[in-house]
1. Out of residues 5 or more away from Asp296 or on other chains, whose amide H comes under 5 Å of its own, with H placed 1.01 Å from N in the peptide plane?
2. Would you kindly derive the ³J(HN,Hα) couplings of region 174-187 from the backbone phi angles with the Karplus curve 6.51 cos²θ - 1.76 cosθ + 1.60 (θ = phi - 60°), listing them in order in whole Hz, with x for Gly and Pro?
3. Amide H to amide H, which residues 5 or more places from Phe154 or on other chains are under 5 Å from it, using H placed in the peptide plane?
4. Scan around Val70 for amide H atoms under 5 Å from its own, H built in the peptide plane at 1.01 Å from N, and keep only partners 5 or more places away or cross-chain.
5. If r is the Cβ-Cβ distance from Ala289 to Asn66 and R0 is 30 Å, what FRET efficiency results, to the nearest 0.05?
6. Apply the Karplus parameterisation 6.51 cos²θ - 1.76 cosθ + 1.60, with θ equal to phi minus 60°, to every residue of region 88-96 and state each ³J(HN,Hα) to the nearest whole Hz, in sequence, with x for glycine and proline.
7. Hey, if you drop one equal point scatterer on each alpha-carbon of region 120-162 and run the Debye formula without solvent, what base-10 log of I(q)/I(0) do you get at q = 0.19, 0.21, 0.25 Å⁻¹?
8. Scale the Cα Rg of region 100-253 by the rule-of-thumb value 2.2 N^0.38 Å and send over the ratio, two decimals.
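The values are calculated or read from the model by the stated rules, or taken from the named source; none is laboratory data. Since this is a predicted model, take the numbers as computed values, not measurements. Here the Cβ positions follow ideal geometry from the backbone for every residue, glycine too, while neighbour counts run over all protein chains shown. Ligands, DNA and RNA are excluded from the accessible area calculation, which covers all protein heavy atoms including side chains. Shrake-Rupley method; radii C 1.70, N 1.55, O 1.52, S 1.80 Å.
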Amino acid sequence: MRIKNILPVLLLNAFTLSAYAQNIAPKAFKFAERQTRLLLTETEKAKKQLNKPELLSPRTLDGKGNLLIVSPNDWCSGFFAGNLWFLYEYTGDKFWKEQSEPYTAIMEFEKTNGGTHDLGFMVYNSVGNAYRLTHKQKYKESIIQAARSLITRFNPTIGCIKSWDHVKQWQFPVIIDNMMNLELLFEATRLSGDSSFYKVAVTHANTTLKNHFRADNSSYHVLNYDQQTGQVLDKKTAQGFADSSAWARGQAWGLYGYTMCYRETHDKVYLDQAEKIAKYIFGNPQMPADLVPYWDYDAAKLGNQPRDASAAAIAASALYELSTYSKNGKAYTTTADKILNSLANHYQPLPDSARGFLLLHSTGHKPANSEIDVPIIYADYYYLEALLRQKRLADKKPVINVAGTLKN
């Protein structure tokens, strides 16, 4: 399926936007290096002040501007190591490799953690990037073991990996975010030759495609399944404005997830779905002109709502990859360029501020009054990834460097 005229307004001045955006990476990475040096210092300082050596990596700032450090079992624990690996990848400076390795080593211990669906975020974004850039055997083994742990959460009757264990009112909750953790399973298949990981990933993607999306191709946040029959019991939200609303980061997770699934399977159904999601997001009348969405597209109708820079960064990264598969590639690249232009020029803090984070104005969980209009580490992660993907496109190189085929 070809989605025509997906972004006609954005294609105006496309050449100007793309040419300008291609110059962002050098300046943005120079800024990122400076900020991340500060964040490293602030992280160590916070650990000492709290006297909690078990804490690992920065997540966000609290309401008073204090740095929040999380333990290795937090779903955000692997992003900082990933950021450090991205800096090493871009600069080639061994300093960043040396900083990455201790954070990555600790994340390797999470490979046996079967109590979470977030092992993709936790292990693949840290250890996976480490393996991709170093090809060390120990990282390969940790990726495969993490995948083994993740598939223990798969229910074949439902056809999905369970998301949360702690929400007792739901029998078997599955969130759209879970699409992001499938990349770990695809990589484990490539590294191990064991197709069971692949089969679980594809089954989960297919079940989510069948049940999670509305007629307009927006996504519910949470589906609750009957774990005995596999039937959908409820379609809910946890972090969105309402059960029926389109939570902005959830839509970005879906866009990224189905683009990645197409890369791994070449199943055109996934490409079509990614394009449908892109059409929903960027054709949405509530999307601001700078393409950094409000935290929820339906909540935006109320006015005076916070933005979510993380949703923008995730979508930009996904669009660069999607552009390499689609006949609408030019439109997707132009859109992603404009997002990065907005983030770099209007959402970065002043140098040496924000404790070293790269982007301001993300929203984590507004219904819980948590992480509203603050820097969040995963926004920085997908921002750096998007910058790297933009650079690879400009250099006419593959947008994705697949870890399992990387040569020393």
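1. Ala248
2. 10, 9, 4, 4, 4, 4, 6, 7, 6, 4, 4, 5, 4, 5
3. Under 5 Å from the amide H of Phe154 lie the amide H atoms of Lys162, each far enough along the sequence or on another chain.
4. Residues meeting the amide H criterion: Leu56, Ser57, Arg59.
5. 0.35
6. Ordered by residue, 3J(HN,Hα) equals 5, 4, 6, 8, x, 7, 4, 3, 6 Hz.
7. Each listed q maps to, in turn, -0.58, -0.65, -0.79.
8. Values: Rg = 15.9 Å, N = 154, 2.2 N^0.38 = 14.9 Å.
Relative to the rule-of-thumb radius for its length, region 100-253 sits at 1.06.
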